[in-house]
Amino acid sequence: MFDRQALLQVCRRHAADPPAEVVVPEPYLPLVPDPRNGILVLAEAQNLSGEAYVLWLKNLTPEGRMTRLPGPHGVGVGPWDDGPVRLALKAVIPSVKLAQVALGNAVPWSRLSESGANANPSEELEERATRFWRELLAIWQPQITALIVLGNVAKNVMANAGCRDTLALRLPSPNSINRVQSMFDKADLLDRYPEVRHAMAALQLKDVDHGWVLFACHAVSLGKRRLENLHGPV
C-alpha cells in the first residue's frame, strides 16, 4: 500500500540531514498512479541545472518538494518525459498502459558542478539513496512485477537496497546513445525489430530519432522474453 504520509516521514528524516552539496535538501517520492500495473521505472537523478525548474522547486513547500512528481512540464523523469523510454516499454510490452507505470529516480537528490552544469551522483549520494530506498520499500512494500532501472547508478542503488531482480538498461542519454548509433542503420534496425515499428505506430510516432530506435531495440533485445507476459494492475 502506498501510504503517502508514512513515506513522507521517510523523506522528512532524510531532509533533516541532507547529503552535502545537493541543490535541494528534500528527497522525493516516486510517482505511483492509481490504478497501477506493477511496473516501476527508475532513472538516475534529476538534472537540476535548469533555473526555471529549480525556482519552481524552491517556491514549493518542503512537502511539495517531496511530492514534486509530476512537475510543471511532465513527470520530472527526463528519459520518460523526453520519450525514448516510453517507446521502448511499448515495444517490449505492446499491451502496456503507460499511464499506469510508476516512475521515479533512484537518487532523489541532485548536484551541480562548479560551473553550474549537472553533475553525476557522488558515492555519498548513491549510499544515501540506498538507505532512502531501503526505508521507503520497507514501508511501501510494493508488488512490483517489473523493476526497470536506467543506467549503472540506478542499478547499483536498487541492488544495494535489496532489489536484484531488475531489468537493467543503458541510460538513454545523448552521450551514451550518440557514441554507438552510427554503427547501425535505422531502417535495418526497424526491419530486425518490428516490435519497435509497431510501438511507433501505436504511439502515433512518425519520424523517430535514430537514438530512440536504437534504445528501443536494446530494450526489446534484453527485456522482451522477461517482460512480455506482464498484464493487469497489481
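The values are calculated or read from the model by the stated rules, or taken from the named source; none is laboratory data. Values in this document were obtained by computation on a predicted structure and should not be read as measured data. Here Cβ is always computed from backbone atoms with ideal geometry, including for glycine, and neighbour counts include all displayed protein chains. Just so you know, the surface numbers come from the protein's heavy atoms only, side chains and all, with ligands and any DNA or RNA stripped out. Shrake-Rupley method; radii C 1.70, N 1.55, O 1.52, S 1.80 Å.
For the reader, a short list of remarks on this structure follows.
- Scanning the stretch 173-196 for residues that are modelled with pLDDT under 95, open to solvent by less than 90 Å² (accessible area, probe 1.4 Å) and not in a helix (DSSP H, G or I) returns a single hit, Ser173.
- Selection count, the stretch 111-154, where residues are in a helix (DSSP H, G or I), closer than 11 Å to Glu44 by Cβ and open to solvent by 60 Å² or more (accessible area, probe 1.4 Å): 1
- Test: residue in the stretch 118-138 that is under 24 Å from Leu98 (Cα atoms), touching a residue at least 12 places away in the same chain (Cβ under 8 Å) and in contact with a Gly (Cβ under 6 Å, 6 or more places away or on another chain): no
- Conditions (1) assigned to a helix (DSSP H, G or I); (2) surrounded by 17 or more Cβ atoms within 10 Å (Cβ to Cβ); (3) within 19 Å of the chain's Cα centre (by Cα); number of the one not met by Ala199: (3)
- Residues that are touching a Leu at 6+ places or on another chain (Cβ under 7 Å) and within 20 Å of Val10 (Cα to Cα), drawn from the stretch 44-79: Glu44, Glu63, Arg65, Met66, Thr67, Arg68, Leu69, Pro70
- For the stretch 7-33, taking the residues that are more than 19 Å from Gly71 (Cβ to Cβ) and assigned to a loop (DSSP other than H, G, I, E, B), the one that is most open to solvent (accessible area, probe 1.4 Å) is identified as Glu21.
- Filter result for Ala45 (surrounded by 15 or more Cβ atoms within 10 Å (Cβ to Cβ), within 16 Å of the chain's Cα centre (by Cα) and over 15 Å from Ala146 (Cα atoms)): yes
- Residue satisfying condition, being touching a strand residue (DSSP E or B) at 6+ places or on another chain (Cβ under 7 Å), in contact (Cβ under 8 Å) with a residue 60 or more places away in the chain and among the β-branched types (Val, Ile, Thr), within set Val10, Val24, Val75, Val41: Val41
Every residue, every condition in (1) on the phi < 0 side of the Ramachandran plot; (2) in a loop (DSSP other than H, G, I, E, B); (3) buried (at least 17 other Cβ atoms within 10 Å of the Cβ), yes or no:
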{"position": "Ala52", "(1), (2), (3)": "yes, no, no"}
{"position": "Leu57", "(1), (2), (3)": "yes, no, yes"}
{"position": "Leu60", "(1), (2), (3)": "yes, yes, no"}
{"position": "Arg65", "(1), (2), (3)": "yes, no, yes"}
{"position": "Gly76", "(1), (2), (3)": "no, yes, yes"}
{"position": "Trp80", "(1), (2), (3)": "yes, no, yes"}
{"position": "Val85", "(1), (2), (3)": "yes, no, yes"}
{"position": "Ala91", "(1), (2), (3)": "yes, no, yes"}
{"position": "Trp109", "(1), (2), (3)": "yes, yes, yes"}
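Each row is one residue, and each column tells you yes or no for (1) among the charged types (D, E, K, R); (2) farther than 30 Å from Ala6 by Cα.
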residue	(1), (2)
Pro79	no, no
Leu87	no, yes
Gln100	no, no
Pro121	no, no
Glu126	yes, no
Val153	no, no
Asn156	no, no
